[in-house]
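Okay, so here's the structure we're looking at.
The values are calculated or read from the model by the stated rules, or taken from the named source; none is laboratory data. Here the structure is a predicted model, which means the values were calculated and not measured. Glycine also receives a Cβ, built like all others from the backbone with ideal geometry; neighbour counts cover every protein chain displayed. The protein model used for the area step is the full one, side chains on, heavy atoms only, and it has no ligands, DNA or RNA in it. Shrake-Rupley method; radii C 1.70, N 1.55, O 1.52, S 1.80 Å.
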Amino acid sequence: MTFLALTNVCKVFPNATTPAVDNFNLKVERGEFISFLGPSGCGKTTTLRMVAGFEFPTAGAITIDGKDITGVRPNQRNIGMVFQSYALFPNMTVADNIGFGLKVKGTPKAEIKQRVAEMLTLIKLEQLGGRYPYQLSGGQQQRVALARALAIRPQLLLLDEPLSALDAKIRVSLRNEIRAIQRQLGITTIYVTHDQEEALSLSDRVVVMNAGVIEQIGAPFEVYNFPKTAFVASFVGTLNIFDARVDDPARGVLRLADATILVEPTHLSGLRAGDAVKVAMRPEMIHIESTGAVDENVLTGVVENVAFLGAVARIHLRVGEMTVLVDEFNNPHLAVPAVGSTLTCYFAREGCIVLS
Amino acid sequence: MSQRAGWFAWLIFVIGALYFILPLFGTFVFSLQKVRGSLGFSAYEAAFANPDFLRTFLFSSLIAALTIIVSLALIVPTAFWVNLRMPRWRGVVEFITLLPFVIPAIVLVFGVIRTYGKPLTLFGIPLLPPLLNTELSTNIVLVAAYTVLSLPYMYRATDNGLRAMDVRTLAEAAQSLGANWFTVLARVILPNLRTALLSGALLTFAIVIGEYTIAAFLARPMFGPYLQLQVRNRAYEAAALTIVAFALTWVAMGIIDLITRQRATPLTGGR
């Protein structure tokens with residue numbers, strides 16, 4: 001059964017010509033971890049703030065567990081929220097910060113003390129209850145903010161780019177910690193981020209947004225491998241996108257510059273010979289050594305550049321007017337092609353996506 | 001910085017310091033010369049022995065305290081709301097709060113006397129009796145006038161304090177935890193504005209203690225007119241009182257500095 005539902009939600013700010021969020025529809029199951037992914041200004045934070053009650057929709061409805069909360073004030077929603085800037089109260093200790101929500105609700109002191117201790121154990125900061133926020137590192141502050149949001153036993157947890165202000169290593173460890181805590185508590189969670197790696201690694205489902213509208217909703221694997229729109233394809237992961245023409249739709253033949261390539265014929269259903277399409281392929285789906293009959297597509301070009309990215313070496317291959325990105329997984333014996341040399345690359349038809 | 005530029009900076013500093021210190025030093029030396037041919041504190045003894053000193057100082061302190069309370073009640077919610085919900089109105093509010101800098105106190109007090117010296121009416125309907133007829137109502141007008149006079153200092157201090165913290169996010173964090181607006185203001189915003197409010201309060205205190213024009217024209221027994229009277233009749237005592245007033249101001253600034261140093265820690269951010 002749907003736990004959180006956003007139905008036809010729109011938000012138009014005063015004096016704005018275009019809506020910040022337009023016709024947003026989403027159903028979230030209890031215990032699900034959903035990420036809103038998109039570039040700055042795509043409406044993801046505005047949507048989150050409408051769920052929190054800090055903004056009210058211009059149209060549409062928001063329900064939690066069947067109850068309409070569209071017009072309910074934020075302090076009456078029982079929704080925990082974690083902010084990008086931590087938003088810990090500087091005048092309070094860690095323990096007081098965590099217990100603040102319970103104190104506001106008039107919870108007995110002994111119960112607050114017990115709950116604060118539980119939360120400190122949960123975030124592994126048992127010894128730091130008496131410290132002030134300025135005495136903590138950024139990662140510790142964000143863990144306290146998470147504990148504070150969870151202490152009130154919220155029905156929903158919202159996280160607004162909580163890791164953006166942290167350095168890369170802490171970001172990775174803390175995001176794993178957030179996911180582990182979410183699984184442990186089984187709390188329904190919405191996570192806003194512009195970092196695709198975060199969204200893909202954390203979420204049960206990802207909502208990709210652009211210019212106020214949902215581009216695609218799906219599991220991370222689905223969004224990455226089967227993008228429905230050119231925007232999703234270009235925003236999630238690195239992608240080669242080329243203009244091509246349909247040559248023989250029944251056999252899945254496309255004309256790509258001077259070469260002919262094969263794609264799954266099902267991708268070309270409804271298209272006719274001569275139609276213009278965009279064909280996309282992930283750099284890691286292209287190989288510089290043929291793996292056999294599967295790699296039926298072949299492109300030959302000149303190596304423009306080779307960038308070593310750690311896990312992969314990214315080769316920029318000039319093929320006619322196009323630059324094809326090819327990722328080769330790193331290994332100590334990898335033969336990196338020289339810049340200026342001629343190189344042939346191969347890819348299977350399954351690796352090609354035809355975008356609408 | 002080159003050595004020459006460093007010397008020049010020091011020269012400017014020394015000239016500036018002398019400009020402020022020499023008159024003060026002169027006044028201090030003068031205050032010690034009440035008894036001809038010797039230096040002593042008899043002017044101070046005489047000044048403190050005068051019961052009017054304590055009476056006017058205490059009355060001014062009371063008016064200053066009331067002014068601070070009224071200012072805080074008026075300015076804090078206004079500045080909070082401007083920062084949180086009406087940032088577009090910031091310019092208008094700042095302009096209004098700066099008006100006391102461009103309207104001389106003499107103009108302000110004449111406006112007050114003309115408005116509140118007679119019954120206040122609206123379309124011929126009497127709203128208030130003349131407020132300058134009794135001591136109590138005149139004191140109320142005095143506090144109101146000083147509240148206006150202290151607007152620039154109190155608003156600036158409060159606004160700076162609010163800008164130093166992320167008011168909007170802190171307020172939203174508290175709301176998401178179940179707090180209403182009163183709780184947000186009382187438990188989250190005000191405790192973090194402590195230093196800023198103290199700065200504004202002490203500046204207001206200093207202004208009210210030394211103010212002459214409004215107090216004199218409203219004929220209230222304030223410290224400013226008392227000091228002016230001493231200057232006219234007892235030059236040495238007046239010099240002594242000036243030094244005392246300076247000392248009180250320094251003490252106030254010292255308190256601000258002490259508190260600011262103790263709280264000179266980042267509001268957010270990591271180690």
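I'd like to verify a number: residues in region A:94-114 that are in contact with a Phe, Trp or Tyr (Cβ under 8 Å, 6 or more places away or on another chain), open to solvent by less than 40 Å² (accessible area, probe 1.4 Å) and either within 12 Å of another protein chain (Cβ to nearest Cβ) or more than 16 Å from A:ALA149 (Cα to Cα) (or both), how many?
So the answer is 2.
Among the residues of region B:188-205, which ones are without any contact (Cβ under 8 Å) to a residue 60 or more places away in the chain and surrounded by fewer than 18 Cβ atoms within 10 Å (Cβ to Cβ)?
The one that is without any contact (Cβ under 8 Å) to a residue 60 or more places away in the chain and surrounded by fewer than 18 Cβ atoms within 10 Å (Cβ to Cβ): B:PRO191.
Quick one: which residue in A:LEU185, A:LEU157 is in contact with a strand residue (DSSP E or B) (Cβ under 9 Å, 6 or more places away or on another chain), on the phi < 0 side of the Ramachandran plot and touching a residue at least 60 places away in the same chain (Cβ under 8 Å)?
After ruling out the rest, the residue left standing is A:LEU157.
Only one residue in A:LYS27, A:LYS67 is open to solvent by 10 Å² or more (accessible area, probe 1.4 Å), among the basic types (Lys, Arg), more than 10 Å from chain B (Cβ to nearest Cβ) and more than 26 Å from the chain's Cα centre (by Cα), so which one is that?
Unique residue meeting the criteria: A:LYS67.
Which condition does A:ALA165 not pass, out of (1) more than 14 Å from every other protein chain (Cβ to nearest Cβ); (2) within 26 Å of A:VAL232 (Cα to Cα), if it passes all the others?
Going through (1) more than 14 Å from every other protein chain (Cβ to nearest Cβ); (2) within 26 Å of A:VAL232 (Cα to Cα) one by one, A:ALA165 breaks only (1).
Can you name the number of the only condition in (1) open to solvent by 10 Å² or more (accessible area, probe 1.4 Å); (2) in contact (Cβ under 8 Å) with a residue 40 or more places away in the chain that A:PRO133 fails?
Checking A:PRO133 against (1) open to solvent by 10 Å² or more (accessible area, probe 1.4 Å); (2) in contact (Cβ under 8 Å) with a residue 40 or more places away in the chain, the one that fails is (1).
Please find, within region A:155-183, the residue that is surrounded by the fewest Cβ atoms within 10 Å (Cβ to Cβ) out of those that are of a type in the set (Asp, Glu) and part of a loop (DSSP other than H, G, I, E, B).
Top of the filtered list is A:ASP167.
Looking only at region A:196-213, which residues are open to solvent by 10 Å² or more (accessible area, probe 1.4 Å) and part of a strand (DSSP E or B)?
Of everything in region A:196-213, those that are open to solvent by 10 Å² or more (accessible area, probe 1.4 Å) and part of a strand (DSSP E or B) turn out to be A:ARG205, A:ASN210, A:VAL213.
Restricting attention to region A:122-154, which residues are more than 7 Å from chain B (Cβ to nearest Cβ), assigned to a loop (DSSP other than H, G, I, E, B) and in contact with a strand residue (DSSP E or B) (Cβ under 7 Å, 6 or more places away or on another chain)?
Residue satisfying the conditions is A:PRO154 alone.
Rundown of residues vs (1) part of a strand (DSSP E or B); (2) surrounded by fewer than 14 Cβ atoms within 10 Å (Cβ to Cβ); (3) touching an Asp or Glu at 6+ places or on another chain (Cβ under 9 Å), yes/no style:
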residue: A:ASP247; (1), (2), (3): yes, no, no
residue: A:HIS267; (1), (2), (3): no, no, no
residue: A:GLU284; (1), (2), (3): no, no, yes
residue: A:VAL298; (1), (2), (3): yes, yes, no
residue: A:GLY301; (1), (2), (3): yes, no, no
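Would you say A:LEU88 is under 30 Å from A:SER137 (Cβ atoms) and part of a helix (DSSP H, G or I)?
Against the criterion (under 30 Å from A:SER137 (Cβ atoms) and part of a helix (DSSP H, G or I)), A:LEU88 does not qualify.
I'd like to check something: does region B:164-174 contain any residue that is surrounded by fewer than 16 Cβ atoms within 10 Å (Cβ to Cβ) and away from chain A (no Cβ under 14 Å)?
no
Going residue by residue through region A:21-34, is there one that turns out to be part of a strand (DSSP E or B), at positive phi and in contact (Cβ under 8 Å) with a residue 12 or more places away in the chain?
yes
What about B:ILE21, is it open to solvent by less than 90 Å² (accessible area, probe 1.4 Å) and under 25 Å from B:GLY224 (Cβ atoms)?
Answer is no for this residue.
Could you say which residue among A:ARG318, A:ARG272 is outside any loop (DSSP other than H, G, I, E, B), out of contact with any Phe, Trp or Tyr (no Cβ under 9 Å at 6 or more places or on another chain), open to solvent by 80 Å² or more (accessible area, probe 1.4 Å) and in contact (Cβ under 8 Å) with a residue 12 or more places away in the chain?
When all the criteria are applied, what remains is A:ARG318.
Quick one: in region A:219-233, of everything that is within 12 Å of the chain's Cα centre (by Cα) and surrounded by fewer than 16 Cβ atoms within 10 Å (Cβ to Cβ), which residue is farthest from A:VAL207 (Cα to Cα)?
So the residue we want is A:PHE221.
How about region B:180-242: which helices (runs of 4 or more DSSP H) wholly inside it have at least 3 residues that are within 14 Å of chain A (Cβ to nearest Cβ)?
Result: B:194-210.
Test B:PHE80 against the criterion of being of a type in the set (Phe, Trp, Tyr) and surrounded by 21 or more Cβ atoms within 10 Å (Cβ to Cβ), and give yes or no.
Considered against the rule, which asks whether it is of a type in the set (Phe, Trp, Tyr) and surrounded by 21 or more Cβ atoms within 10 Å (Cβ to Cβ), B:PHE80 comes out as yes.
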